[in-house]
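Peer 1: Here you go, one structure.
The values are calculated or read from the model by the stated rules, or taken from the named source; none is laboratory data. None of the values given here were measured: they were computed from a predicted structure. Every residue, glycine among them, receives a Cβ derived from its backbone with ideal geometry; neighbour counts consider all protein chains shown. Only protein heavy atoms, including side chains, enter the accessible area calculation; ligands, DNA and RNA are left aside. Shrake-Rupley method; radii C 1.70, N 1.55, O 1.52, S 1.80 Å.
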Amino acid sequence: MTDDYEHYEAVVVGAGPGGAAAAATLARNGIETLVLERGVDAGSKNVSGGLLYAEESSPYTIDELFPGFREEASDREVTDHYIHNISGRNVKTFDLGDLHHHDTEWADSVLRRKMDSWLAREVHEMTRETGGGLLTEVRVNGLLREGAEIVGVTCDELDPIKADVVIAADGVNSELARDAGLMDWEEPEEWFQGVKAVVDMPDGAIEDRFNVDDEEGVAHLFSGDLFQNVRGGGFLYTNDQSLSIGTVFHLDSIADERAEPQQLLDGLLTHPLLADWLGDDYEELEYSAKLVPDSKKVAHPSPYRDRLLLVGDAAGQMQAQGPIIKGMNHAVTAGALAAEAFVDARSRGDTSAAGERYVSKLENEGVMDKLRPTRYRTLGKLGEVGPVASAMNAVADSAVGRAAVSALGDRAESLFNSPFLMGMLPDTRMGYVTVPTVIAEELGDPVEGVNTVEPPELDDRIGDLTYDIDEGNPHIELRDNAFAASGTAVTACPVSAKDFGGGCYRDEYVGTNGTEEHVVSLDTQPCVECGTCAVVADTDWTHPRGGKGVEYEQG
């Protein structure tokens, strides 16, 4: 009997930037709003690169929704942006200033624990005034239904809760989106995997080593042959007193190449180009990982069902188009638009129309065209067809292609600064590996520095993380432990590796009745909850219960 359940006008699941934007917009319109967050604190479960943009064309920016945000919750304003094309020691650097500043009011580096916890405090005060509030350590595990209709949420720690609208901002591994049939984990090519190290910097080192003023920052991107031919690249962002250094790769490429994420990250950390920036005293504060949706393929064109509205990563709203990497700003916009849609529908006496209004707002405000550019759907995808991709890659690496690069010279920089071209770039080896490598070989110069960085071993990275193990309640279960079904997780999981016995996944040979079987075993205790194994292995995957599992201090 659902009539006896507690009821709120709105329930927001997840207290990241998308959930915070939704809750703030609802509260400002007098909507009774309850926010549920599964971490011990907002941000303790969240990871980003991360740069947070405020776009000039966006109807909502986070500093407009939360006055004081930039002073209190972000790190440095990123004023310079570069991409480094690499082949061995040869490097050719392009200034991405035009691309970076296109449609940009500002862009700040952020760390999620600091940012999200500040947002949560603001949201809690705002929602309390309308009869709601924010609760942490509550895992929303599914949707409450009356018959076939979604009417609320179910939780591990609380009784079911009814709501007139449920806004799911519960991230890339959204259990609500999957429960509603709006997300699946079937295709690795629809996802990226990001792995990041937060690196400590001595006082004044960022200003000295990166030649920036106090409170100003810089972003560096990396592509070429230093990542074992895996499709993707690396990044480095300056925070207040640390660096966020990481790699982002197409998950199908990681799986196909049997690449190990931590080794790909180490390849970047130890490249001589980074020697002067990292110095001789390397101290890694935190290692983390997450899945990233490829919005070109998975941004849901109609992200709602009944009373459920999806925002941010839960709706696949992550824009990754070559060097254009934007996600949190789209989550903020979508969260506010979802809330606005509900407010509009409520004022007209028909809250069931909120989903349709939300879809219209995403379209009318231009959000969907940024996430799923028409030019990519009509032209860019053609470049991903097998024979076409192979032919384009061969031409790029041919004498003809190299001659074209040499003839372009520094004018090639303008191509990298074109939002139009970047929005239709096919997701192939050509763009991520071949062309950057050719540019470095034809136009670049050798880096002379010696990099003395020795990254931590994987067991040390795992050991330095904070966990609250949920004994007796594993959140992942192997449905099929045969290596053929689940063995890809041994190398693709960011806390596992071949011949490493301390991670989540390990493979072994088991003798039975005179035969030897290649199998996979699972230990969820060191899990960083990225969701990689849900895509590449035959598993049942959920989030840990509220407050359990990994807790990020940086994020």
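Peer 1: Name the residue, out of Asp200, Asp213, that is of a type in the set (D, E, K, R), surrounded by fewer than 18 Cβ atoms within 10 Å (Cβ to Cβ) and touching a Leu at 6+ places or on another chain (Cβ under 8 Å).
Peer 2: Just one listed residue meets the conditions, Asp200.
Peer 1: Which residue pairs have Cβ atoms closer than 9 Å, lie 6 or more positions apart in sequence or on different chains, and pair a first residue in region 50-61 that is over 24 Å from Val195 (Cα atoms) and acidic (Asp, Glu) with a second residue that is open to solvent by less than 10 Å² (accessible area, probe 1.4 Å) and part of a loop (DSSP other than H, G, I, E, B)?
Peer 2: Note: pairs meeting the criteria are Glu55/Thr61.
Peer 1: Next question. Modelled with pLDDT of 95 or more, assigned to a strand (DSSP E or B) and within 23 Å of Asn473 (Cα to Cα) - does that describe any residue in region 167-178?
Peer 2: So far as region 167-178 goes, no, none of its residues is modelled with pLDDT of 95 or more, assigned to a strand (DSSP E or B) and within 23 Å of Asn473 (Cα to Cα).
Peer 1: Can you pull out the strands (runs of 3 or more DSSP E) entirely within region 205-303 that have at least 3 residues that are basic (Lys, Arg), within 23 Å of Gly97 (Cα to Cα) and modelled with pLDDT of 95 or more?
Peer 2: Output list is empty.
Peer 1: Can you confirm whether Val123 is within 30 Å of Thr238 (Cβ to Cβ), part of a loop (DSSP other than H, G, I, E, B) and at pLDDT 95 or above? Give the steps one after another, and end with the answer.
Peer 2: On the way: within 30 Å of Thr238 (Cβ to Cβ): yes; part of a loop (DSSP other than H, G, I, E, B): no; at pLDDT 95 or above: yes.
Against the criterion (within 30 Å of Thr238 (Cβ to Cβ), part of a loop (DSSP other than H, G, I, E, B) and at pLDDT 95 or above), Val123 does not qualify.
Peer 1: Are any residues in region 306-354 open to solvent by 20 Å² or more (accessible area, probe 1.4 Å) and part of a loop (DSSP other than H, G, I, E, B), and if so, which ones?
Peer 2: Asp306, Arg307, Met318, Gly322, Arg348, Gly349, Asp350, listed by residue number.
Peer 1: Now for a separate question. Can you name every residue in region 355-389 that is open to solvent by 20 Å² or more (accessible area, probe 1.4 Å) and of a type in the set (Ser, Thr, Tyr)?
Peer 2: Selection gives Ser360, Thr374, Thr378.
Peer 1: Which residues, taken from region 62-86, are basic (Lys, Arg) and open to solvent by 20 Å² or more (accessible area, probe 1.4 Å)?
Peer 2: Arg70
Peer 1: Val495 - would you say it is surrounded by fewer than 17 Cβ atoms within 10 Å (Cβ to Cβ) and of a type in the set (A, V, I, L, M)?
Peer 2: no
Peer 1: Further question on the same structure: Kindly indicate the residue of region 448-472 that is open to solvent by 50 Å² or more (accessible area, probe 1.4 Å), in contact (Cβ under 8 Å) with a residue 12 or more places away in the chain and in a loop (DSSP other than H, G, I, E, B) and also nearest to Asp266 (Cα to Cα) among those meeting that condition.
Peer 2: So, considering only residues that are open to solvent by 50 Å² or more (accessible area, probe 1.4 Å), in contact (Cβ under 8 Å) with a residue 12 or more places away in the chain and in a loop (DSSP other than H, G, I, E, B), the one nearest to Asp266 (Cα to Cα) is Glu454.
Peer 1: Follow-up question, since we're still on this one. Of all residues in region 230-284, which are farther than 19 Å from Asn451 by Cα and of a type in the set (A, V, I, L, M)?
Peer 2: Matches in region 230-284: Val230, Val248, Leu251, Ile254, Ala255, Ala259.
Peer 1: Could I ask something else about it? Within the bounds of region 518-530, is there any residue that is closer than 19 Å to Trp185 by Cβ, part of a helix (DSSP H, G or I) and at pLDDT 95 or above?
Peer 2: no
Peer 1: Would you be able to say whether some residue in region 473-480 is surrounded by fewer than 23 Cβ atoms within 10 Å (Cβ to Cβ), assigned to a loop (DSSP other than H, G, I, E, B), on the phi > 0 side of the Ramachandran plot and modelled with pLDDT of 95 or more?
Peer 2: no
Peer 1: Related question: Restricting attention to region 147-168, which residues are aliphatic (A, V, I, L, M) and out of contact with any strand residue (DSSP E or B) (no Cβ under 6 Å at 6 or more places or on another chain)?
Peer 2: Those that are aliphatic (A, V, I, L, M) and out of contact with any strand residue (DSSP E or B) (no Cβ under 6 Å at 6 or more places or on another chain): Ala148, Leu158.
Peer 1: Report, by residue number, each residue of region 384-417 that is touching a helix residue (DSSP H, G or I) at 6+ places or on another chain (Cβ under 6 Å) and of a type in the set (Lys, Arg).
Peer 2: Matches in region 384-417: Arg402 only.
Peer 1: Quick check on my filter: what residues within region 498-521 are in contact with a His (Cβ under 6 Å, 6 or more places away or on another chain) and open to solvent by less than 60 Å² (accessible area, probe 1.4 Å)?
Peer 2: Of everything in region 498-521, nothing turns out to be in contact with a His (Cβ under 6 Å, 6 or more places away or on another chain) and open to solvent by less than 60 Å² (accessible area, probe 1.4 Å).
Peer 1: Here's something else I'd like to know. Open to solvent by 30 Å² or more (accessible area, probe 1.4 Å), under 27 Å from Val78 (Cα atoms) and part of a loop (DSSP other than H, G, I, E, B): does that describe Asp184?
Peer 2: Taking the combined requirement at face value, the residue does not satisfy it.
Peer 1: Now for a different question. Checking the structure you have, find out if any residue of region 134-157 is out of contact with any Gly (no Cβ under 7 Å at 6 or more places or on another chain), open to solvent by less than 20 Å² (accessible area, probe 1.4 Å) and part of a loop (DSSP other than H, G, I, E, B).
Peer 2: So far as region 134-157 goes, no, none of its residues is out of contact with any Gly (no Cβ under 7 Å at 6 or more places or on another chain), open to solvent by less than 20 Å² (accessible area, probe 1.4 Å) and part of a loop (DSSP other than H, G, I, E, B).
Peer 1: Please go through region 532-541 and give me each residue that is in a loop (DSSP other than H, G, I, E, B) and either among the basic types (Lys, Arg) or surrounded by fewer than 20 Cβ atoms within 10 Å (Cβ to Cβ) (or both), ordered by number. Break it down stepwise before answering.
Peer 2: From region 532-541, those in a loop (DSSP other than H, G, I, E, B) are 537-538; that's our starting set.
Within region 532-541, just Asp538 meets the criteria.
Peer 1: Here is a follow-up. Among the residues of region 361-383, write down those that are out of contact with any helix residue (DSSP H, G or I) (no Cβ under 9 Å at 6 or more places or on another chain) and either closer than 22 Å to Phe342 by Cα or part of a helix (DSSP H, G or I) (or both).
Peer 2: The answer is Asn364, Gly366, Thr374, Thr378.
Peer 1: On to the next question. So which residues in region 341-369 are touching a residue at least 60 places away in the same chain (Cβ under 8 Å) and either small (Gly, Ala, Ser) or touching a strand residue (DSSP E or B) at 6+ places or on another chain (Cβ under 9 Å) (or both)?
Peer 2: If the condition is that a residue be touching a residue at least 60 places away in the same chain (Cβ under 8 Å) and either small (Gly, Ala, Ser) or touching a strand residue (DSSP E or B) at 6+ places or on another chain (Cβ under 9 Å) (or both), then Phe342, Arg346, Thr351, Ala354, Gly366 are the ones that fit.
Peer 1: Could you check region 1-92 for helices (runs of 4 or more DSSP H) lying wholly inside it with 3 or more residues that are under 19 Å from the mean Cα position of the chain (by Cα) and among the charged types (D, E, K, R)?
Peer 2: Details: elements: 17-28, 62-65, 69-72.
Because the criterion is at least 3 residues that are under 19 Å from the mean Cα position of the chain (by Cα) and among the charged types (D, E, K, R), no helices (runs of 4 or more DSSP H) in region 1-92 meet it.
Peer 1: While we're here: In region 223-235, which residues are open to solvent by less than 10 Å² (accessible area, probe 1.4 Å) and within 12 Å of Val195 (Cα to Cα)?
Peer 2: Scanning region 223-235 gives Gly232, Gly234.
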